[in-house]
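Peer 1: Okay, here's the structure, questions in a sec.
The values are calculated or read from the model by the stated rules, or taken from the named source; none is laboratory data. Given the structure is predicted, the values throughout are model-derived calculations rather than measurements. A quick note on method: Cβ atoms are made from the backbone with ideal geometry, for glycine too, and the neighbour counts reach across all protein chains shown. To get the accessible areas, we keep the full protein, side chains included, count just its heavy atoms, and leave off ligands, DNA and RNA. Shrake-Rupley method; radii C 1.70, N 1.55, O 1.52, S 1.80 Å.
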Amino acid sequence: MTFGEQPAYLRVAGDLRKKIVDGSLPPHTRLPSQARIREEYGVSDTVALEARKVLMAEGLVEGRSGSGTYVRERPVPRRIARTGFRGPGASSPFRQEQAADGVRGTWESRSEQAEASGAVAERLGIRVGDRVMCTKYVFRDAGEAMMLSTSWEPLAVTGRTPVMLPEEGPLGGCGVVDRMAAIDVVVDNVAEEVGARPGLAEELLALGGVPGHVVLVVQRTYYASGRPVETADIVVPADRYRVAYHLPVR
């Protein structure tokens, strides 16, 4: 292959992609059949099939059982704010950010004790098998699942205290910083690492995605004097949301 050349299936996929993006093939329009693609572009059945697979993997089209392949509605990405600023009052970052955007979000949570896996133990600086409180969240915007979160807190820090359950008790839902302060643990640093990967089946089921969709994953860890006191995986559908950071200048 000489420089600049592309395999035939990518050239076909690129032309169909252009038609989808510019509106020549609007949402809910049926994609040309494999036979039509073969005839229009002068390619083999194999090339036509591979081109359709590319568009499906990119999330531009979706198959409908017994009906064919159709152009998907392309959502306009919305913003999820991440910020180092926290105003007065005992409120979690999600609650503050929703209020700042004038959005009335809802959430569900479930907490249970668990043993730290290798990955969680490494992030919390504890031993594999140490007891942690694992809390799973589903955050919704106007009823639509927008974000999942799983957090882990070492019970060596919060066990047998009023804040052992993040969403229950007198400080339930107040956020990590305020809850830790209530037991004389001063959170002074937070680190976040953002990555992307294909969504797990259970994540896409909860978020309303389809197999192959990409999710953004924010790995967040709160520290108190260098000691990790909470770590979490925050999962966001990449086709519907963007993660925006607003950080104070020191």
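Peer 1: Give the number of residues within the stretch 154-180 that are buried (at least 16 other Cβ atoms within 10 Å of the Cβ), in contact (Cβ under 8 Å) with a residue 24 or more places away in the chain and farther than 19 Å from Val217 by Cβ.
Peer 2: Of the residues in the stretch 154-180, 15 are buried (at least 16 other Cβ atoms within 10 Å of the Cβ), in contact (Cβ under 8 Å) with a residue 24 or more places away in the chain and farther than 19 Å from Val217 by Cβ.
Peer 1: Still on this structure: Has the stretch 126-138 got at least one residue that is assigned to a helix (DSSP H, G or I), farther than 19 Å from Val218 by Cα and of a type outside the set (Phe, Trp, Tyr)?
Peer 2: no
Peer 1: Starting from the stretch 195-207, take each residue that is under 24 Å from Ala142 (Cα atoms) and list its partners that are surrounded by 13 or more Cβ atoms within 10 Å (Cβ to Cβ) and among the small types (Gly, Ala, Ser), counting only C-beta distances under 8 angstrom and pairs at least six apart or across chains.
Peer 2: From residues that are under 24 Å from Ala142 (Cα atoms), the pairs are Gly199/Gly209; Glu203/Gly209; Ala206/Ala145; Leu207/Ala145; Leu207/Gly199.
Peer 1: Can you tell me how many residues within the stretch 142-153 are in contact with a strand residue (DSSP E or B) (Cβ under 6 Å, 6 or more places away or on another chain), acidic (Asp, Glu) and open to solvent by 20 Å² or more (accessible area, probe 1.4 Å)?
Peer 2: Qualifying residue count, the stretch 142-153: 0.
Okay, residues lined up against (1) outside any helix (DSSP H, G or I); (2) under 21 Å from Pro75 (Cα atoms):
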residue: Gln6; (1), (2): yes, no
residue: Leu10; (1), (2): no, no
residue: Lys18; (1), (2): no, yes
residue: Pro32; (1), (2): yes, no
residue: Ala35; (1), (2): no, no
residue: Glu40; (1), (2): no, no
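For every residue, the table says whether it meets (1) among the hydrophobic types (A, V, I, L, M, F, W, C); (2) open to solvent by less than 40 Å² (accessible area, probe 1.4 Å).
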| position | (1), (2) |
| --- | --- |
| Asp188 | no, no |
| Val194 | yes, no |
| Ala201 | yes, no |
| Gly209 | no, yes |
| Leu216 | yes, yes |
| Gln219 | no, no |
| Pro228 | no, yes |
| Arg242 | no, no |
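Peer 1: Does the stretch 28-64 hold any residues that are of a type outside the set (Asp, Glu), open to solvent by 60 Å² or more (accessible area, probe 1.4 Å) and within 31 Å of the chain's Cα centre (by Cα), and which are they?
Peer 2: Result: His28, Arg30, Leu49, Lys53, Met56, Ala57, Arg64.
Peer 1: Still on this model: Six or more apart or on different chains, Cβ under 6 Å: which pairs go from a residue in the stretch 108-119 that's under 24 Å from Ala145 (Cβ atoms) to one that's open to solvent by 90 Å² or more (accessible area, probe 1.4 Å)? Could you list them?
Peer 2: Qualifying pairs under 6 Å: Arg110/Lys136.
Peer 1: Restricting the search to the stretch 181-194, which residues are in contact (Cβ under 8 Å) with a residue 24 or more places away in the chain, out of contact with any Phe, Trp or Tyr (no Cβ under 6 Å at 6 or more places or on another chain) and more than 30 Å from Arg72 (Cα to Cα)?
Peer 2: Taking the stretch 181-194 as the starting set, the residues that turn out to be in contact (Cβ under 8 Å) with a residue 24 or more places away in the chain are 183, 185-194.
Those left that are additionally out of contact with any Phe, Trp or Tyr (no Cβ under 6 Å at 6 or more places or on another chain): 183, 185-186, 188, 191-194.
Within the stretch 181-194, Ile183, Val185, Val186, Asp188, Ala191, Glu192, Glu193 qualify.
Peer 1: What single numbered condition from (1) in contact (Cβ under 8 Å) with a residue 24 or more places away in the chain; (2) surrounded by 14 or more Cβ atoms within 10 Å (Cβ to Cβ) fails to hold for Glu73?
Peer 2: Here Glu73 meets the rest and fails (2).
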